[in-house]
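Notes follow once the structure below has been shown.
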Amino acid sequence: MKFGSSGVRGLASDLIGRASGLYTEAFARRLRATGFDQGKVFVGRDLRDSSPEIAADCMAALAAAGFEPIDCGAIPTPALAFHAGRQRGAALMVTGSHIPADRNGIKFYGPKGEIDKADEAAITAYVAELSDHYPWPPAQAQWQAGRDQALAAFWDRVGSILPSAALSGLRLGVYQHSSVAAELLVEVLRAYGADAMAVGKSEVFVPVDTEAVSPETLAKAKGWVREFKFDAVLSTDADADRPLIIDENSELFRGDLIGLATALFVKADVVVTPVTSNSGISDAFGFKVVRTRVGSPFVIAGMEAAQPAGGTIVGFEANGGVLLGSDCLLNGKTLSALPTRDSFLPILATLGTVASTGKSLSALRSLWKLPICASERLENFPVEASRGLMHRLADRDALQAFLAPFGTVADVDVTDGLRARMVSGEIVHLRPSGNAPEFRCYAEAASHDRASEIVAIALERARDAGLSDERKIVE
């Protein structure tokens with residue numbers, strides 16, 4: 001298990017029991033070291049089969065460490081984080097987000113919000129220090145419930161983003177799968193006047209990656225759009241901190257488009273976004289753009305650095321998750337900052353823009369004229385293979401040979417992974433996942449077909465290189 005772009009993750013079978021308690025004890029020690037002692041820690045979870053047991057382990061460990069666990073049950077991550085912040089408490093969310101059901105993870109929040117890289121390093125050090133003598137198991141018990149209060153607080157927040165009945169006339173499908181926000185999203189859209197229909201509910205956990213949407217998911221959406229004449233199909237990942245939007249033509253409305261729509265909706269002065277987001281998102285839209293490494297802790301750090309200048313600060317990632325780094329005025333009311341990924345604000349901001357302008361999602365995409373992006377991942381790609389490939393490609397000649405099918409490399413950005421701009425203007429970005437056995441490729445080109453072709457070829461070459469390395473290790 002290790003920290004990656006957001007939280008610690010590993011195999012669910014490894015996380016259940018002592019390991020979850022160990023990381024929770026380390027988190028508790030970090031809280032005390034930073035001045036938070038003997039307070040409430042709100043605990044939520046997604047709908048994976050392993051999540052209830054891991055959450056119970058975490059709450060038992062919190063109680064043994066002298067904190068008061070509040071059981072918020074199955075709840076969206078942004079709702080948990082928002083409520084904990086309002087209560088000046090800490091929080092812990094058991095979720096593996098978009099990764100397969102046999103894996104899981106834990107996200108940690110201090111009283112000021114999502115933990116940063118310094119916190120992660122301190123927790124990792126505590127884990128190493130405690131690993132040989134951490135006592136297990138602590139006593140299990142029934143903990144105080146807090147789900148209803150947390151959801152009520154979040155309802156107040158999302159209910160103030162748009163004017164009353166702002167989505168009237170829109171026919172929307174909500175792909176529920178196994179999202180923890182499945183029912184809540186339908187209720188929120190209906191409250192704003194939309195004709196919202198629930199589709200695709202699953203009793204078996206379905207991992208949905210909003211950054212690398214599977215052909216199966218797009219095929220489902222195409223069928224629903226055709227059958228029900230939807231203006232959009234909406235969904236989230238497992239813990240609802242990343243939105244998924246598919247337009248009226250069954251085409252993906254990518255996460256960086258969602259982020260752009262949100263930034264324009266809240267009239268952002270500064271946008272903080274990772275280097276993987278669309279290169280066309282620039283100062284030309286009327287806000288300053290700051291680029292970071294991939295991961296919400298880096299985006300949060302960028303937003304904090306921008307705060308002294310004032311103004312409205314928005315962060316977003318290529319997966320669509322939006323972080324609000326400052327209070328802003330919406331619909332005549334103040335929407336308070338929420339510096340952790342959220343799916344509800346970007347969904348409502350995007351749909352609100354559609355409703356207020358009368359433009360379809362596809363028309364908004366055409367209006368903004370951004371480069372066409374595509375992304376996909378190799379799943380179950382060994383971490384060692386990723387490291388070996390990236391080390392080899394750090395050599396410019398090796399990188400040129402790897403990218404030869406796309407022409408000549410003009411320049412390379414190593415902010416996070418290897419982002420090569422070709423002489424043709426096309427972009428190929430290679431990056432291992434931070435905390436899962438996955439290897440990702442992002443591409444920009446003049447057309448969707450070309451961007452998708454680049455991704456497919458690059459990942460095939462990465463797979464072949466990884467298999468070659470594995471054979472050498474065996475030999």
## Note on the structure
Condition set among the small types (G, A, S) and in contact with a Ser or Thr (Cβ under 9 Å, 6 or more places away or on another chain), scope segment 192-218, selection farthest from S356 (Cα to Cα): answer is S202
### Message
I'd like to verify a number: residues in segment 1-36 that are without any contact (Cβ under 8 Å) to a residue 12 or more places away in the chain and in contact with a helix residue (DSSP H, G or I) (Cβ under 8 Å, 6 or more places away or on another chain), how many?
### Response
0
### Query
Pick from L364, L403: which is surrounded by 17 or more Cβ atoms within 10 Å (Cβ to Cβ), more than 25 Å from P243 (Cβ to Cβ) and of a type in the set (A, V, I, L, M, F, W, C)?
L403
### Task
Could you grab me the full set of residues in segment 280-307 that are touching a Pro at 6+ places or on another chain (Cβ under 6 Å), modelled with pLDDT under 95 and either under 18 Å from P371 (Cβ atoms) or assigned to a strand (DSSP E or B) (or both)?
G280
### Task
Select from segment 249-279 the residues that are part of a helix (DSSP H, G or I) and either small (G, A, S) or within 15 Å of the chain's Cα centre (by Cα) (or both) and write down the one among them that is nearest to T415 (Cα to Cα).
D256
### Query
Applying the selection to segment 399-410, what residues are touching a residue at least 12 places away in the same chain (Cβ under 8 Å) and either in a loop (DSSP other than H, G, I, E, B) or out of contact with any strand residue (DSSP E or B) (no Cβ under 7 Å at 6 or more places or on another chain) (or both)?
F402, L403, P405, G407, T408
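Given the residues V383, V294, V299, which is the only one that is outside the structural domain of E248 (by TED's automatic domain parsing) and either within 21 Å of D156 (Cα to Cα) or of a type in the set (V, I, T) (or both)? Walk me through it before giving the result.
On the way: V294 fails: outside the structural domain of E248 (by TED's automatic domain parsing); V299 fails: outside the structural domain of E248 (by TED's automatic domain parsing).
Residue meeting the stated conditions: V383.
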### Summary
R396 passes all but one of the listed conditions (1) basic (K, R); (2) closer than 27 Å to I99 by Cα; (3) over 27 Å from the mean Cα position of the chain (by Cα); the exception is number (2)
### Query
Could you say whether any residue in segment 195-216 is under 17 Å from S343 (Cβ atoms), in a helix (DSSP H, G or I), in contact (Cβ under 8 Å) with a residue 24 or more places away in the chain and in contact with a strand residue (DSSP E or B) (Cβ under 8 Å, 6 or more places away or on another chain)?
no
### Among the candidates A268, A263, residue that is more than 21 Å from L244 (Cβ to Cβ) and touching a residue at least 12 places away in the same chain (Cβ under 8 Å)
A268
### Query
Restricting the search to segment 125-144, which residues are crowded, with 17+ Cβ neighbours inside 10 Å and not in a loop (DSSP other than H, G, I, E, B)?
Y126, V127
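With the condition kept exactly as written, say whether any residue in segment 338-357 is over 22 Å from A181 (Cβ atoms), without any contact (Cβ under 8 Å) to a residue 40 or more places away in the chain and more than 17 Å from the chain's Cα centre (by Cα).
Yes, some residue in segment 338-357 is over 22 Å from A181 (Cβ atoms), without any contact (Cβ under 8 Å) to a residue 40 or more places away in the chain and more than 17 Å from the chain's Cα centre (by Cα).
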### Task
List the number of the failed condition for R431; all other conditions in (1) outside any strand (DSSP E or B); (2) closer than 18 Å to L378 by Cβ hold.
(1)
### Task
Kindly indicate whether R419 is under 25 Å from the mean Cα position of the chain (by Cα) and either basic (K, R) or assigned by TED's automatic domain parsing to the domain that holds G295 (or both).
yes
### Residue in segment 220-238 that is surrounded by the most Cβ atoms within 10 Å (Cβ to Cβ), counting only those that are at negative phi and in contact with a Lys or Arg (Cβ under 8 Å, 6 or more places away or on another chain)
T236
#### Entry: Selected residue (only one of E183, E203 is on the phi < 0 side of the Ramachandran plot, charged (D, E, K, R) and loosely packed, with under 13 Cβ neighbours inside 10 Å)
E203
### Query
Which helices (runs of 4 or more DSSP H) sit wholly inside segment 325-398 and have at least 3 residues that are over 24 Å from R463 (Cα atoms)?
344-357, 361-368
### Message
I'm trying to understand the selection: among the residues of segment 308-336, which are in contact (Cβ under 8 Å) with a residue 24 or more places away in the chain and among the small types (G, A, S)?
### Response
A309, G310, G311, G315, A318, G320, G321, G325, S336
### Query
Out of all the residues in segment 77-89, is one or more in contact with a helix residue (DSSP H, G or I) (Cβ under 8 Å, 6 or more places away or on another chain) and surrounded by fewer than 17 Cβ atoms within 10 Å (Cβ to Cβ)?
yes
#### Entry: Number of positions in segment 97-124 that are hydrophobic (A, V, I, L, M, F, W, C) and assigned to a strand (DSSP E or B)
2
### Query
Quick check, is G73 within 23 Å of L185 (Cβ to Cβ), in contact with a helix residue (DSSP H, G or I) (Cβ under 6 Å, 6 or more places away or on another chain) and either free of Cβ contacts under 8 Å to residues at least 24 places away in the same chain or surrounded by fewer than 24 Cβ atoms within 10 Å (Cβ to Cβ) (or both)?
yes
### Query
Are there any pairs, at least 6 apart or on different chains, whose C-beta atoms fall under 6 Å, with the first in segment 162-187 and under 18 Å from P78 (Cβ atoms) and touching a residue at least 12 places away in the same chain (Cβ under 8 Å) and the second among the polar types (S, T, N, Q) and surrounded by 18 or more Cβ atoms within 10 Å (Cβ to Cβ), and if so, which?
S179/T236; A181/T236; A182/Q176
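The values are calculated or read from the model by the stated rules, or taken from the named source; none is laboratory data. Everything quoted here is computed from the prediction, not taken from an experiment. Quick reminder, even Gly has a Cβ in these numbers, built from the backbone with ideal geometry, and neighbours come from all protein chains shown.
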